[in-house]
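To start, the structure itself, in structure tokens.
The values are calculated or read from the model by the stated rules, or taken from the named source; none is laboratory data. Keep in mind the model is a prediction, meaning the values are calculated, not measured. Note that each Cβ is placed from the backbone with ideal geometry, even for glycine, and that neighbours are counted across all protein chains shown. All accessible areas refer to the heavy atoms of the entire protein, side chains included, with ligands and DNA or RNA removed. Shrake-Rupley method; radii C 1.70, N 1.55, O 1.52, S 1.80 Å.
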Amino acid sequence: MPPAPITARIAQGVTPLPAAEWDACAGFGNPFVSHAFLSILERSGSVSPRAGWQALPIVIDGADGAPAAIAPAYAKSHSQGEYVFDHGWADAWQQAGGQYYPKLQVAVPFTPVPGPRLLMRDEALAPALIGAIEAVTEQNGLSSAHITFLDENQLHWFEAAGWLVRAGTQFHWQNAGYASFEDFLVALSSRKRKAIRKERAAALDGLTVRHLSGGEIGEAHWDAFWDFYQDTGSRKWGRPYLTREFFSLLGAEMADKVLLIFAERGGVPIAGALNLIGANALYGRYWGCREDVPFLHFELCYYQAIDAAIARGLARVEAGAQGEHKLARGYAPVTTWSAHYIPDSGFRRAVSDFLVRERAAVEQEQEFLGELMPFKRG
């Protein structure tokens, strides 16, 4: 007897789905794919159709009636807040007479953090869930579907399904069992070790650094961080993606996963960095300041994050997208992955050719960057 056909459904957002059922699929290692985080994005108004992110999770229910596999999918009317840039693809398709938007995005909005994008209680459902993503794309006449910042352990399912695979580069700090920051410095060349000590001393002159988590974080802290976030957002991308309410909800519902690092002068915060704590990693997300203090960005975002990861026994620090300046601070180049489904054969062929050339350039760049790492040789 042939197996019963698998049926997928599209939910109207993350929030209406039961949190326990969602998290049973997502697991608890990566806070960004949790029901709490994705629901906070929706309830705060940071994610909405008006913002160009319409949450439409694709769900396959199990025999018990609860979700057994979920793809956190969004209908996108632009390519902002993704950090895997496809503006050139959109321009080419539209110049050829096609309509690139809306497209389907399986991702965590505004979050260039690798993680699972197929959330599953039963991994045997991976091919069916990918098939459901393809069906939603085709049945709705969408130009394409994109799985961005995909956990490398899930990449093989998309390769087996014939999706196009794209590589990128981030910089992560790896904890080699260090007992302290000084222990980490010992692994560096003498010149780099001295440079980092000099940077830290200059950044911290006259300042006090505080690490806040859980119940230590109050609304006054979020008010201060909101100012920092707005300043950085307005300079980097014109309009901050997140609303003020997002931070209050994050503090109310995920405080135990939050690490705020503040630099204070005379008890008043002048700069701050927001991190989320995962099972194996510390994830640096946002930073901002009221004063322009040399090296303070490196101190709060990179060095203090290393301190915190060592103290918590975490395996790595992921400090966000891009940034070759992280190399000199001990952050190594790593490959990030995305997968792309393009129904039109001609458009697919053109993108595939581009990705072959881009992959070669990424590999060459990473080889070069690896030679610039500050660790001792020999």
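Below, the figures for the structure above:
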quantity	calculated
Region 202-332: radius of gyration over Cα atoms, expressed as a fraction of 2.2 N^0.38 Å	0.99
Rounded to 10°, Cα long-axis angle of helix 126-139 versus longest principal axis of the chain	70
Total charge dipole magnitude, region 41-153, about the Cα centre, Cβ charges on Lys, Arg, Asp, Glu only, Debye to nearest 20	400
Whole-percent carbon and sulfur share, accessible surface of the chain, 1.4 Å	52
Euclidean distance of C-alpha centroids, region 138-199 and region 106-123, integer Å	15
Extreme residue, positive dipole direction of region 176-228, given options F225, V209, S189 (C-beta unit charges)	S189
Kirkwood-based Rg to Rh ratio, region 174-268, C-alpha trace	1.06
Region 310-378: trypsin sites (Lys or Arg not before Pro) falling in loop per DSSP and having at most 14 other Cβ within 10 Å	K376, R377
Residue-normalised accessible area of region 232-378, expressed per residue, 1.4 Å probe, Å²	44
Cα gyration tensor shape of region 79-189, rounded if a/c is under 1.5, else prolate or oblate by comparing a/b with b/c	oblate
Two-decimal ratio, region 227-299, of alpha-carbon radius of gyration to 2.2 N^0.38 Å	1.14
Mean Cα-pair separation over length for the chain, i.e. relative contact order, pairs under 8 Å, 6 or more apart, %	20
Residue-averaged [θ]222 nm for the chain, counting only DSSP H segments that reach four residues, each worth -39500 (n - 2.57)	-10500 deg cm²/dmol
Viscosity 1.567 mPa s, 4 °C: Kirkwood-radius Stokes-Einstein D of the chain over Cα pairs, µm²/s	59
Cα-centre dipole for the chain with unit charges at Cβ (Lys and Arg positive, Asp and Glu negative), debye to 20	920
Mean-position separation - Cα centroids, region 276-318 and region 202-266, in angstrom	12
